[in-house]
Amino acid sequence: MPTKHALRFRQIHLDFHTSPKIPRIGARFNKKHWQRTLQEAHVDSITLFAKCHHGWSYHPTTVGQVHPHLDFDLLRAQFDACKEIDINAPIYLSAGLDNVASYEHPEWREVGFDGKMSGWAAGLLDAGFHTMDFHSPYLDYLCEQIAEVVDRFPEADGIFLDIISQNQSCGRWSLDFMREHGLNPKLAEDRERSSEQALEKYFRKSVEATHSGSNKNMPVFHNSGHIAPGQNSILHHFSHLELESLPTGGWGYDHFPQSAKYASNLGLDFLGMTGKFHTTWGEFGGFKHPNALRYECASMLAYGSKCSVGDQLHPDGRLDDSTYQSIGQAYREVEAREPWCTGVRGVADIAILSSESENPETKRNNRPDVGTGRILLEGHFLFTVLDRSMSFDPYRLLILPDDIAVDVRLARKLRAYLRNGGKVLLSGTSGLKPDGTGLALDLGARWSGQSEYQPDFMLPEKRLRPTFVDSPFVAYLPSQRITATRGRSLGQIYDPYFNRTWDHFCSHQHAPARPEASGYDLGVRHGGITYLAHPVFTLYQAYGSVACKEFLHRLLRSILGPRETLATNLPSTARAILNHQADQRRYVLHLLHAPTVARGGEMAHQGGNIANNAVPIEVVEDLIPIGPVEVSLRVPHKVTKAHLVPSGRKLKVTQSKGRIEFRVPRFSCHAMVAVE
């Protein structure tokens, strides 16, 4: 089992996937330029390449194959240059992709149950990388490569193993495994079981290889592009976590906050990984605005993370000056703020029970989770993300967003949490029994199944209505039919005249609401449970209705009451995160502001990266100042002072009725307040 590993704050993840058709690999590497570039960019750790997705090694090897146009030990030259100036150097090996191995041993490739090759290039003449089957002898080949690297570089600061996945392979070796273990390859569940066993074998053998050298505590991280909530059984194979989350590269700006808030509960140090690219990995000559990197790194600090910026080294081995000038702008600011970002723990009033952890087939960017995160971030609520194995008790409110079935064990845990004074918010089909036959908890309401109408309309009770809407507003996804009995109704649902069909339609989209209410409630509150009939968080993720958001913000504040930890007048485009730095006996409030703008559009083209087609991208460019910002905090400690950091500027603090209040002067991008 890997030893827990403490990370540095300012890392580079240096991709180096290099075609065998490109000559003079590393020819422009220059130790002094390398060192000066990294130092001027305030970098203190950089991941270096032993083997890339193409399958080439960048050091002398008796196991793999050195890149055909590399004539010196590039990895050693980079590594020693870093160590001379106290820059950490973890080492990267591609694990799941290897085109050199797939060419030499095509039988080691994954094969789908449809007979097609798996991977980024399924066809023999398609450009792209090949996915390898961990049931095949490829795993032994990979582990020999890992063992060779840790033997040659015992002072490395970790091993980074990439593209860790096993699809439902029906290649020769996977079929043999299923036959030997009584599994039927015609059944998806048996193929999935075979995949799980292959991954478990990969984890065990790769960690053994990582620890086969003289350093038995060599850190190791296995990258799959996402830390999936609920899959805690594999974490004993990790020394730390690296949260790959390139906002412009397919993850979006909603992904990292959710991922970081979940990772903060796992007991491992972690870093966030963005990229310098305008789009995603493999983009030579692509640059995001330096302000975007400043904002993304500030966000990592705010969510309790260390920082990593992805870059791709040119095949000639020379670091790009423009790239590191941009990174340096962000990392100078990170370095100045590190003392207030070490050993922090996020403060939270609300916990989200992750929909992804309960519905793992939904994968990254699960709609209910993203929608809930957006609602809470835009309302400046303090929250965290849990799976069901974690304690609910520290939080005043637990949200089960939209699609979480409640089985007997979860129901028992929820009832205990409610008895201890906790409050629960359910929405959509959350709270139903796993077989969908009825309610698993007492909501003080009668359930009559799902509505036949889509869309329908909601009209909350007066105190919960949006400030600008006093009539029913549309909800595009079906509601559950509930009628309050002992619970208190939160408002009414209005049905449309009819669903849209060829012989029943009205106007461009859907029929209007009937004048009279349907008789069904849009929500109910009973004891510590609040239930909403619509999948409101998925609705917000999909449609972004401001009316829906205002309703939810009012509802959440009515549940939390006056003891909510944070109140502020920040705009919805800003973010507020409060951390507790226990060893220093202080809280640190992070205020972030960098509005994103959708740029670009859809266009099909050839010759680009694996995505090929252009799509709109969320861009951060202008850092618009905001403020002054009013802040009110309720913390269980006596406060002696509040001041901006790292500048040290003191803020005037007033205290009354258990709350402290202060004003943060006008700022752009990132303001930090230490509350001592």
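Rundown of residues vs (1) in contact (Cβ under 8 Å) with a residue 24 or more places away in the chain; (2) in a helix (DSSP H, G or I); (3) of a type outside the set (Phe, Trp, Tyr); (4) farther than 21 Å from Lys261 by Cα, yes/no style:
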| position | (1), (2), (3), (4) |
| --- | --- |
| Ala542 | yes, yes, yes, yes |
| Ala547 | yes, yes, yes, yes |
| Glu550 | yes, yes, yes, yes |
| His553 | yes, yes, yes, no |
| Ser558 | yes, yes, yes, yes |
| Gly561 | no, yes, yes, yes |
| Ala567 | yes, no, yes, no |
| Ser572 | yes, no, yes, no |
| Ile577 | yes, no, yes, no |
Need the failing condition index for Phe160 against (1) farther than 20 Å from Phe49 by Cβ; (2) aromatic (Phe, Trp, Tyr); (3) not in a loop (DSSP other than H, G, I, E, B), just the number. (1)
Can you find a residue that is without any contact (Cβ under 8 Å) to a residue 12 or more places away in the chain and either assigned by TED's automatic domain parsing to the domain that holds Asn291 or not acidic (Asp, Glu) (or both) anywhere in the range 217-231? no
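Mind checking whether some residue in the range 583-600 is at pLDDT 95 or above, outside any helix (DSSP H, G or I), assigned by TED's automatic domain parsing to the domain that holds Val629 and on the phi > 0 side of the Ramachandran plot?
So far as the range 583-600 goes, yes, one or more of its residues are at pLDDT 95 or above, outside any helix (DSSP H, G or I), assigned by TED's automatic domain parsing to the domain that holds Val629 and on the phi > 0 side of the Ramachandran plot.
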Answer from Ala95, Ala121 - the residue that is more than 30 Å from Arg332 (Cβ to Cβ), under 30 Å from the mean Cα position of the chain (by Cα) and modelled with pLDDT under 95: Ala121
Just to be sure, is Val469 assigned to a strand (DSSP E or B), surrounded by fewer than 22 Cβ atoms within 10 Å (Cβ to Cβ) and out of contact with any Lys or Arg (no Cβ under 9 Å at 6 or more places or on another chain)? no
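Okay, residues lined up against (1) of a type in the set (Asp, Glu); (2) not in a loop (DSSP other than H, G, I, E, B):
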| residue | (1), (2) |
| --- | --- |
| Glu155 | yes, no |
| Gln166 | no, no |
| Asn184 | no, no |
| Asp190 | yes, yes |
| Glu196 | yes, yes |
| Ser224 | no, no |
Can you spot a residue in the range 250-261 that is surrounded by 20 or more Cβ atoms within 10 Å (Cβ to Cβ), modelled with pLDDT of 95 or more and polar (S, T, N, Q)? yes
Can you tell which of Gly436, Gly444, Gly422, Gly449 is at positive phi and surrounded by 15 or more Cβ atoms within 10 Å (Cβ to Cβ)? Gly444
Taking the range 274-319 as the region of interest, how many residues are charged (D, E, K, R), in contact with a Ser or Thr (Cβ under 7 Å, 6 or more places away or on another chain) and modelled with pLDDT under 95? 0
Hey, Leu241 hits all of (1) modelled with pLDDT under 95; (2) within 18 Å of Arg10 (Cβ to Cβ) but one; which does it fall short on? (1)
Collect the residues in the range 81-130 that are touching a Phe, Trp or Tyr at 6+ places or on another chain (Cβ under 9 Å), without any contact (Cβ under 8 Å) to a residue 40 or more places away in the chain and surrounded by 15 or more Cβ atoms within 10 Å (Cβ to Cβ), keeping them in residue-number order. His105, Gly119, Ala121, His130
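The values are calculated or read from the model by the stated rules, or taken from the named source; none is laboratory data. As the structure is a prediction and not an experimental result, all values here were calculated from the model. Glycine gets a Cβ as well: all are built from the backbone with ideal geometry, and neighbour counts include every protein chain shown.
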